[in-house]
Amino acid sequence: MRLLSLLSALLLFVGSAFAQPDIQAKPSLTPAQEHFSDMRFGVFIHWGIYSMLGQGEWVMQNQDLHWQEYEKLAGAFYPLHFDAKEWVSAIKNAGARYICITSRHHDGFSLWDTAQSDYNIVDATPFGRDVLEELAQECANQGIQLHFYYSTLDWRREDYPRGRTGRECGRGP
């Protein structure tokens with residue numbers, strides 16, 4: 001038995017002694033990462049129908065809200081005071097060099113007029129305006145970069161990967 005253990009240990013060490021192919025180290029930052037780092041300060045906006053509940057973008061998950069009930073909130077989403085020019089001006093005046101906004105979060109609600117789903121700010125709300133288009137135009141006018149956070153996960157869909165999140169949203173077993 002000792003001999004078998006010794007031979008096993010020897011094979012383990014001998015096997016690891018073979019040279020691995022050379023791997024070229026990547027630069028510490030890609031040009032895109034370097035550019036993002038150089039911008040230094042930006043504003044990340046989490047905004048959507050979850051904002052009406054005042055509990056953050058995970059409210060559907062955290063409060064165990066069924067997706068069909070949560071979806072009804074879109075009918076009341078009317079950000080009357082949204083003004084892209086005011087938003088971008090205030091953010092730029094604060095010294096930010098970019099804006100990142102949630103174009104679509106895990107609740108599946110989109111802040112633009114997408115053809116992929118009617119569950120969006122143009123088709124599902126009385127507001128009916130494409131806020132991302134307005135923000136993009138104003139960012140271009142004022143020379144500030146606009147980035148989008150887009151979640152491919154959707155707590156309303158049956159094909160949402162099972163895991164810790166979205167369990168109580170009523171979208172399957």
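The values are calculated or read from the model by the stated rules, or taken from the named source; none is laboratory data. Remember, it's a predicted structure, so these values are computed and weren't measured experimentally. Note that we place each Cβ from the backbone using ideal geometry, even for glycine, and neighbour counts take in every protein chain shown.
Screening the candidates ASP113, ASP107 for the property of being charged (D, E, K, R), in a loop (DSSP other than H, G, I, E, B), surrounded by 14 or more Cβ atoms within 10 Å (Cβ to Cβ) and touching a helix residue (DSSP H, G or I) at 6+ places or on another chain (Cβ under 6 Å) yields one hit, ASP107.
Scanning the stretch 5-35 for residues that are modelled with pLDDT of 70 or more and either of a type in the set (A, V, I, L, M) or touching a His at 6+ places or on another chain (Cβ under 9 Å) (or both) returns ILE23, LEU29, ALA32. Would you mention how many residues in the stretch 48-88 are among the charged types (D, E, K, R) and in contact with a His (Cβ under 9 Å, 6 or more places away or on another chain)? So the answer is 1. Take the conditions assigned to a helix (DSSP H, G or I) and more than 16 Å from the chain's Cα centre (by Cα) and apply them to LYS26. Does it pass? So LYS26 does not fit the description; no. For the stretch 89-118, the set of residues classified as within 17 Å of the chain's Cα centre (by Cα) and closer than 17 Å to TRP67 by Cβ consists of ARG104, HIS105, HIS106, ASP107, GLY108, PHE109, SER110, listed by residue number.
For the stretch 116-157, the candidate set comprises residues that are at pLDDT 95 or above, among the aliphatic types (A, V, I, L, M) and in a loop (DSSP other than H, G, I, E, B); within that set, the residue that is farthest from VAL88 (Cα to Cα) is ALA124.
Where residues in the stretch 50-69 are in contact (Cβ under 8 Å) with a residue 12 or more places away in the chain and either under 15 Å from the mean Cα position of the chain (by Cα) or assigned to a loop (DSSP other than H, G, I, E, B) (or both), which of them is surrounded by the most Cβ atoms within 10 Å (Cβ to Cβ)? For the stretch 50-69, the residue satisfying everything is TYR50. Within the stretch 116-135, the residues that satisfy the criterion of being surrounded by fewer than 18 Cβ atoms within 10 Å (Cβ to Cβ) and either small (Gly, Ala, Ser) or in contact with a Ser or Thr (Cβ under 9 Å, 6 or more places away or on another chain) (or both) are GLN116, SER117, VAL122, ASP123, GLY128.
Counting only residues that are more than 14 Å from ARG129 (Cβ to Cβ) and surrounded by fewer than 20 Cβ atoms within 10 Å (Cβ to Cβ), the stretch 74-90 holds 5 of them.
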